[in-house]
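Q: My questions all concern the structure below.
The values are calculated or read from the model by the stated rules, or taken from the named source; none is laboratory data. This structure is a prediction, so every number in the text was calculated from the model and none was measured. Quick reminder, even Gly has a Cβ in these numbers, built from the backbone with ideal geometry, and neighbours come from all protein chains shown.
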Amino acid sequence: MLLDLNHLSYRYSPHLDIVLNDLSLSIDSSRITGLAGANGSGKTTLIRILLGQLIDYQGDYRIDDTKIADRYGSLPFKYGFGYSPETPVLDDTLTGYEILTLVADIRAVGEEAFQDELTMFRRNLQIEEWLEVQKCGEYSTGMRRKLALCIAYLGRIKFAVLDEPTNGLDPLAVFGLKKIIQVKKEQGIGTLLASHILDFLETTTDDILLLKHGTMLRHGALETVMSEGKSLEEIYCSLFNEG
């Protein structure tokens, strides 16, 4: 899929400053795209528009040339998006395993495929017996993050959107997440990674999008953006310190 934005702008009310300003870009759902910007750059707003959570924008948003005009919240299901928000929202009365079985039913994941995916998640994210025996209300920040990532990637999704996916993860789980992202890419499933951890984006992504105050500073293949031989951190800091 291609997610195309054409002169897209957004503000939360006529009396507030513009949050996204005249964005025109394409995101390829088969590639890994990194999204970075300082607090208030518009990253989360952009994600909410891509997921159909915000609809009163100016400009044009299309998926594979189909204009998006979803007022019913069905966009993620219709286009096969998986989503891990910055702050996971879970049913604290259920175990993680119970939640995953519900997601598997909704996404029509067979038992064998479900167990195969769960094995891969367990191995890479260091998931232990707490998944089955503890209610989500008892989970640590890291446990909640791991479950949210499993929910995002479970089943035959077409594109995953991960907002600050490394928050709360230890180094082993971050390394495992990188493996999962690559495994899914090999299956044709790309990922949008919104993160403040620039080293993580530099070692994981194919493309990079940098925002500042809702304006696009850079967008393109990672090797092109980094063609001057500087690290992504150096490029980021240089751009954000200009002006």
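Q: Go through (1) in contact (Cβ under 8 Å) with a residue 60 or more places away in the chain; (2) under 17 Å from HIS213 (Cβ atoms); (3) crowded, with 17+ Cβ neighbours inside 10 Å; (4) touching a Gly at 6+ places or on another chain (Cβ under 9 Å) for LEU8 and report which single condition fails.
A: Among (1) in contact (Cβ under 8 Å) with a residue 60 or more places away in the chain; (2) under 17 Å from HIS213 (Cβ atoms); (3) crowded, with 17+ Cβ neighbours inside 10 Å; (4) touching a Gly at 6+ places or on another chain (Cβ under 9 Å), the lone unmet condition for LEU8 is (1).
Q: Give the residue that is farthest from the chain's Cα centre (by Cα), with candidates limited to residues of the range 75-97 that are within 14 Å of LEU131 (Cα to Cα), surrounded by 15 or more Cβ atoms within 10 Å (Cβ to Cβ) and of a type outside the set (Val, Ile, Thr).
A: Out of the qualifying residues, it is LEU94.
Q: How many of the residues in the range 148-181 are over 20 Å from LEU46 (Cα atoms), touching a Ser or Thr at 6+ places or on another chain (Cβ under 8 Å) and not small (Gly, Ala, Ser)?
A: Result for the range 148-181: 5.
Q: Mind telling me which of the residues ALA194, ALA173 ends up being buried (at least 18 other Cβ atoms within 10 Å of the Cβ) and closer than 28 Å to TYR12 by Cα?
A: None of the others qualify; the one that does is ALA194.
Q: Among the residues of the range 110-126, is any under 14 Å from LEU94 (Cβ atoms), out of contact with any Lys or Arg (no Cβ under 7 Å at 6 or more places or on another chain), of a type outside the set (Gly, Ala, Ser) and modelled with pLDDT of 95 or more?
A: Among the residues of the range 110-126, not one is under 14 Å from LEU94 (Cβ atoms), out of contact with any Lys or Arg (no Cβ under 7 Å at 6 or more places or on another chain), of a type outside the set (Gly, Ala, Ser) and modelled with pLDDT of 95 or more, which makes the answer no.
Q: I've got another one for you. Right, THR45: under 22 Å from HIS213 (Cα atoms), touching a Ser or Thr at 6+ places or on another chain (Cβ under 9 Å) and crowded, with 20+ Cβ neighbours inside 10 Å or not?
A: Against the criterion (under 22 Å from HIS213 (Cα atoms), touching a Ser or Thr at 6+ places or on another chain (Cβ under 9 Å) and crowded, with 20+ Cβ neighbours inside 10 Å), THR45 does not qualify.
Q: Does ASP116 meet the test of being assigned to a helix (DSSP H, G or I), over 20 Å from the mean Cα position of the chain (by Cα) and more than 22 Å from LEU192 (Cβ to Cβ)?
A: In short, yes.
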